[in-house]
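A short reminder: the numbers here are calculations on the coordinates, not readings from a lab. The shown structure was predicted, so the numbers you read here are calculated from the model rather than taken from an experiment. In this analysis, Cβ positions are derived from the backbone assuming ideal geometry, glycine residues included, and neighbour counts consider all displayed protein chains.
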Amino acid sequence: MEKATRVLIVDDEEELVSALVERLELRGVPVRGVTSGRKALAIIEDEDFDLVLIDLKMPGLDGLEVIRAMRHLRPGMRFVLLTGHGAQENEEAARRVGALDCLLKPVKIERLLEIMARLRAPDGCPWDREQTFATIAPYTRFVRSESDRLEGEKKTLTALSEEVGDLTARVNGIR
């Protein structure tokens, strides 16, 4: 039997926590919800979770501080940041702390379930591989073409260096 993904929800908005807990429980997901980073840290000392949904901006400890502390206590835990603002810096902050994603509130339950399903994938990869490869393909092609171009320039520079060496030898031989 497949082990269910255990989820911890951490957000200072009590209504949001209650709603997400209820929606996940209705789908049979083992879930707990708390309204502060300090409460979350206390819970994970005794309980293990596969995924933590955590608000980026909370009073007291913010989401990034809590993630750093949780990583120290439970290195295998995965995180998704929640934010009320879809700014690019939030996504960059999520990547810096190794979060799987940064979801805009209100959270679409379907998107959350998709992330949870990928966590249970046979290879354990939380990302959609096809989407990832499609995203990086243009960059990969660019790097390859630049590498080929630089290899050509290296050959040209090597040939020029040899010519300079020959000229230097001739000049030195003349003097």
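Within straight-line reach of Lys57, meaning a Cα separation under 30 Å, sit the following lysines at least 8 residues removed in sequence or on another chain: Lys39, Lys105, Lys108.
I'd like the FRET efficiency for Leu157 and Glu92, computed as 1/(1 + (r/R0)^6) with the beta carbon distance as r and R0 of 35 Å, rounded to 0.05. Provide the component values of the computation, followed by the final result.
Details: r = 37 Å, r/R0 = 1.05.
Using R0 = 35 Å, I get an efficiency of 0.40.
Taking a straight Cα-Cα cut-off under 13 Å and skipping sequence neighbours fewer than 8 places away in the same chain, the aspartates and glutamates within cross-link reach of Lys155 are Glu163.
Take the Cα of Asp46, step 7 Å toward its Cβ, do the same at Arg111, and the gap between the two points is 3.4 nm.
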